[in-house]
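Heads up, the thing below is written out as structure tokens.
Every read-out reported here was derived from the displayed coordinates using simple, explicitly stated rules and does not represent laboratory data. As the structure is a prediction and not an experimental result, all values here were calculated from the model. A quick note on method: Cβ atoms are made from the backbone with ideal geometry, for glycine too, and the neighbour counts reach across all protein chains shown.
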């Protein structure tokens, strides 16, 4: 009897080759969009000191209280955590390497994050995020810039129906006054509060406004509004953001109940929400964070995108077309054909083509089945006869391959093989 199969950890998923084309398209589009706005990539470790997240995210947040994968390093006793989000690590790196010494920075990151949650649609224990951090710039112009970048990204990805919601959290003293009013309001409804609300009442009452419990909705709806506690400067910042969005014809909705689950946010916050209600991106301004983590205080603004959620939207809206594994598939049979096939494949790669050389034997018929399934533009066929004459047979597997007056198949000298296929590919897709 064979041993029990070992399966992957629940909520930590494999990305299989069939999905790679979609992931690559997303990643390439993100990188191009970041370049267009002047953002440079930064790569930080997956593992950080636990205190980084406790101090930066907040001790009474769900992430720190219930979701972090934390452990003690058995070799030196350090308390370490798999990163649950990207901003704290980026800011730690900026402080450690003094990256703001010569002025503001525009940075972006991508990679896996880890939270111990109950797996469900769009929520996994290992998930991927793309995010950016605009550091050292205080005005609403940067808030607008990161929102506009997101708006352009959705357009470049072909996503439709993604709506923008914005709010302002004001400054710390304004939130303190609002906090006291919230506590007083919720205490008047103490008998109606659920367990989460009672736990958060004195530690983080703002999070009660974001409750998903339908029975709590009327209490949250009738709570004091933060905007009524804001001073002139905070209101001006929020109006500045809206004015810039208005000038670019970006639609949005002010959602006074929109809060962020992390302690470091202030002033502008926003979310991009899909038509099915899933949040694809959340972010905002976090001016206190650099100082909270021991750096010289400097403003910051950024966002995080849930990659798996965006990919689900891309699949649903545009469908997923199978990607091509190569440009050319080399079919060969015969003792003299193999070295000639290997040589032909290398010269085709020298010309910039992606080439699969058949391996494992098999008849011409079975090899052509593999060639067609690969999505290749053309099959290059080499038998002993072609090898002896220094030629190859090109079989066009896609309609655009054959030139006018030519058949679906043509024989060509090895020296002219690469040029023939490259010219045909360019003719079929001039933008390729």
(message) Which residue fluctuates most in the GNM of the chain (Cα springs below 10 Å): 316, 21, 388?
(response) 388
(message) What do you get for the angle between helix 414-428 and the principal long axis of the chain? Use alpha-carbon atoms, 0 to 90 degrees, nearest ten.
(response) 40
(request) Note the angle between two axes, namely the Cα long axis of helix 87-96 and the longest principal axis of the Cα atoms of the chain, as a number of degrees from 0 to 90, rounded to the nearest 10. (result) 90
(request) Specify whether the C-alpha gyration tensor of segment 1-131 places it in the rounded, prolate or oblate class, a ≥ b ≥ c being the square roots of the eigenvalues: rounded for a/c under 1.5, otherwise prolate if a/b is larger than b/c and oblate if not. (result) oblate
(request) With both partners inside the chain, how many of the DSSP beta bridges are antiparallel, as a percent to the nearest 5? (result) 80
(request) Give me the distance between the Cα centres of segment 73-130 and segment 223-283, rounded to whole Å. (result) 24
(message) From the helices alone, meaning DSSP H stretches of at least four residues, give me the mean residue ellipticity at 222 nm for the chain, per-run term -39500 (n - 2.57), in deg cm²/dmol to the nearest 500.
(response) -11500 deg cm²/dmol
(request) Starting from the Cα-Cα distance between residue 210 and residue 160, subtract it from 0.36 nm times their residue separation and give me the gain in nm to one decimal. (result) 15.4 nm
(request) Name the most mobile residue of 24, 343, 79, meaning the one with the largest mean-square fluctuation, in a Gaussian network model of the chain with Cα contacts below 10 Å. (result) 343
(message) Taking each pair of distinct Cα atoms in the chain once, what is the resulting Kirkwood hydrodynamic radius in Å?
(response) 25.5
(request) On a 0 to 90° scale, report how tilted helix 140-157 is relative to the longest principal axis of the chain, with both axes built from alpha carbons and the result rounded to the nearest 10. (result) 30
(request) Have a look at 276, 312, 28 and tell me which one the Gaussian network model of the chain (Cα, springs below 10 Å) gives the largest fluctuation. (result) 276
(request) Specify whether the C-alpha gyration tensor of segment 288-350 places it in the rounded, prolate or oblate class, a ≥ b ≥ c being the square roots of the eigenvalues: rounded for a/c under 1.5, otherwise prolate if a/b is larger than b/c and oblate if not. (result) oblate
(message) Between residue 40 and residue 67, how high is the FRET efficiency from 1/(1 + (r/R0)^6) when r is the Cβ-Cβ distance and R₀ = 35 Å? Nearest 0.05.
(response) 0.70
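Report for segment 328-426 the percent antiparallel among DSSP-assigned beta bridges with both residues inside it, nearest 5.
50
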(request) Label segment 328-426 by shape, choosing from rounded, prolate and oblate, from the square roots a ≥ b ≥ c of the eigenvalues of the Cα gyration tensor; if a/c is under 1.5 it is rounded, and otherwise prolate applies when a/b is larger than b/c, oblate when it is not. (result) rounded
